[in-house]
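Working notes, structure below.
The values are calculated or read from the model by the stated rules, or taken from the named source; none is laboratory data. All of these numbers come straight from a predicted model, not from anything done at the bench. No Cβ is skipped: glycine too gets one built from the backbone with ideal geometry, and neighbour counts run over all protein chains shown.
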Amino acid sequence: MSDFLSKIIERKRQEVKEGQKCVPESFLRREAEKSSGRRGFADRLAMRGPHGMNIIAEVKRASPSKGKIRDDVDPARFARMYEAGGAAAVSVLTDRDYFCGSAEDLQKVRAASAIPALRKDFIISTYQVYESAVMGADAILLIVRALSPELLRELLSLSSDIGLDALVETHDEQEFDIAAKAGARVIGVNNRDLSTFQTDISTSIRIAGKAAPGQVLVAESGIHTRADIERLLEAGIGNFLIGESLMRSEDPVGLLAALHGAGSKTIPPQSPVVDGAWREC
């Protein structure tokens, strides 16, 4: 585990302890078991969309490597634009300290659209799984590098029991094997090196050959153009999680059309990149 990821995970442990003091896990469990109306995230990705692919469009306010992405983030507005642009699902960053997200962002996204909502956070406990169900998520992100194989299996089993799908994120072949052995159906390959923050989509291309029948692959990070998508489609990957490009775009609907290969291949102009160190939310 990279030093940076270790820092985030330690903060998550503190958050869980703080949360348990306010809302006991037993209460969350009862509420999660009563919740219903899940939108099928895994089933949606298992069937390629009208353009022969699926895009999970992300609502992300900031990142540790780029700082604040943009100031005018209205989660509900982005969700409506993403749905209008043909996105198969919406991923929502809910981490507060490093990505400026919140549970409210996810709830606004889900209320504004009819497509599945993925809670993207650093989930390390059963408490957070129940919490995700209560806040309205249809699926959660589980990061192999942040979990022991035993805990990964436990969280996958619990998610299934309460009707949540899971996107299990890997970064290399060894982690892919761990995810597969744990029974993951939807497996993401993150093209970002957590040590350097550099991205390389050849990571997904290299690992794609390991997928077994029934497993659903998702390429994550570093996907900016239709050409990137075409390279990944040739490797057999049909699902793509795209965040920063869409968040910076002044025309997310047009950009989604271009990424889907519908109409013009020209990528719409994007707002300036925010470089530099981390900025406060």
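Restricting the first residue to segment 122-146 and requiring it to be within 14 Å of ARG13 (Cα to Cα), which pairs with a second residue that is aromatic (Phe, Trp, Tyr) and modelled with pLDDT of 95 or more meet a Cβ separation below 7 Å and a spacing of at least six or different chains?
ALA146/PHE122
Quick one: which of ARG70, ARG29, ARG61 is farther than 19 Å from GLU169 by Cβ and at pLDDT below 95?
Details: ARG29 fails: at pLDDT below 95; ARG61 fails: at pLDDT below 95.
Of ARG70, ARG29, ARG61, the one residue that is farther than 19 Å from GLU169 by Cβ and at pLDDT below 95 is ARG70.
If I filter segment 36-51 down to residues being of a type outside the set (A, V, I, L, M, F, W, C) and at pLDDT 95 or above, which single residue comes out as farthest from GLY85 (Cα to Cα)?
Step one: filter segment 36-51 for residues of a type outside the set (A, V, I, L, M, F, W, C), giving 36-40, 43-44, 48-51.
Those left that are additionally at pLDDT 95 or above: 38-40, 43-44.
Details: ARG38: 22, ARG39: 19, GLY40: 19, ASP43: 20, ARG44: 16 Å.
Looking at residues that are of a type outside the set (A, V, I, L, M, F, W, C) and at pLDDT 95 or above, I get ARG38.
Just checking, how many residues over segment 25-65 are touching a residue at least 12 places away in the same chain (Cβ under 8 Å) and either within 26 Å of PHE197 (Cβ to Cβ) or among the hydrophobic types (A, V, I, L, M, F, W, C) (or both)?
So the answer is 19.
Name the single residue that is surrounded by the most Cβ atoms within 10 Å (Cβ to Cβ) among those in segment 230-245 being at pLDDT 95 or above and in a helix (DSSP H, G or I).
By that ranking, first place goes to LEU232.
Please specify each residue of segment 191-250 satisfying the condition of being of a type in the set (S, T, N, Q), farther than 20 Å from ALA179 by Cα and touching a residue at least 40 places away in the same chain (Cβ under 8 Å). Walk me through how you get there before you give the answer.
Looking only at segment 191-250, we keep the residues that are of a type in the set (S, T, N, Q), and these are 191, 195-196, 198-199, 202-204, 215, 221, 225, 239, 245, 249.
Imposing the further condition that a residue be farther than 20 Å from ALA179 by Cα reduces the set to 195-196, 198-199, 225, 245, 249.
The answer is SER195, THR225.
Could you tell me whether any residue of segment 100-115 is among the basic types (Lys, Arg), assigned to a helix (DSSP H, G or I) and closer than 28 Å to ASP3 by Cβ?
Initially, segment 100-115 is screened for residues among the basic types (Lys, Arg), giving 108, 110.
Checking the rest, the ones that are also assigned to a helix (DSSP H, G or I) come to 108, 110.
Now restrict to residues that are closer than 28 Å to ASP3 by Cβ: none.
Among the residues of segment 100-115, not one is among the basic types (Lys, Arg), assigned to a helix (DSSP H, G or I) and closer than 28 Å to ASP3 by Cβ, which makes the answer no.
When you go through ARG119, ARG70, ARG80, ARG96 one by one, which is the residue that is in contact with a Ser or Thr (Cβ under 8 Å, 6 or more places away or on another chain), surrounded by fewer than 20 Cβ atoms within 10 Å (Cβ to Cβ) and closer than 26 Å to ARG13 by Cβ?
Values: ARG119 fails: surrounded by fewer than 20 Cβ atoms within 10 Å (Cβ to Cβ); ARG70 fails: closer than 26 Å to ARG13 by Cβ; ARG80 fails: closer than 26 Å to ARG13 by Cβ.
That would be ARG96, the only listed residue that is in contact with a Ser or Thr (Cβ under 8 Å, 6 or more places away or on another chain), surrounded by fewer than 20 Cβ atoms within 10 Å (Cβ to Cβ) and closer than 26 Å to ARG13 by Cβ.
Just name the residue that is farthest from LEU255 (Cα to Cα) out of those in segment 39-67 that are touching a Pro at 6+ places or on another chain (Cβ under 8 Å) and either surrounded by fewer than 17 Cβ atoms within 10 Å (Cβ to Cβ) or of a type outside the set (Lys, Arg) (or both). Break it down stepwise before answering.
The first filter runs over segment 39-67 and keeps only residues touching a Pro at 6+ places or on another chain (Cβ under 8 Å), leaving 39-41, 44, 57, 59.
From what is left, the residues that are either surrounded by fewer than 17 Cβ atoms within 10 Å (Cβ to Cβ) or of a type outside the set (Lys, Arg) (or both) are 40-41, 57, 59.
On the way: GLY40: 25, PHE41: 22, ALA57: 11, VAL59: 15 Å.
Applying the filter and picking the extreme gives GLY40.
When you scan segment 1-50, how many residues do you find that are over 20 Å from the mean Cα position of the chain (by Cα), under 25 Å from SER148 (Cβ atoms) and assigned to a loop (DSSP other than H, G, I, E, B)?
Here the count works out to 1.
Inside segment 74-96, can you point out the residues that are over 17 Å from the mean Cα position of the chain (by Cα) and within 17 Å of ASP121 (Cβ to Cβ)?
Within segment 74-96, none qualify.
This table checks each residue for (1) surrounded by fewer than 17 Cβ atoms within 10 Å (Cβ to Cβ); (2) aliphatic (A, V, I, L, M).
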position	(1), (2)
GLU169	no, no
PHE176	no, no
ASP193	yes, no
PHE197	yes, no
ILE207	no, yes
ALA212	yes, yes
ASP228	no, no
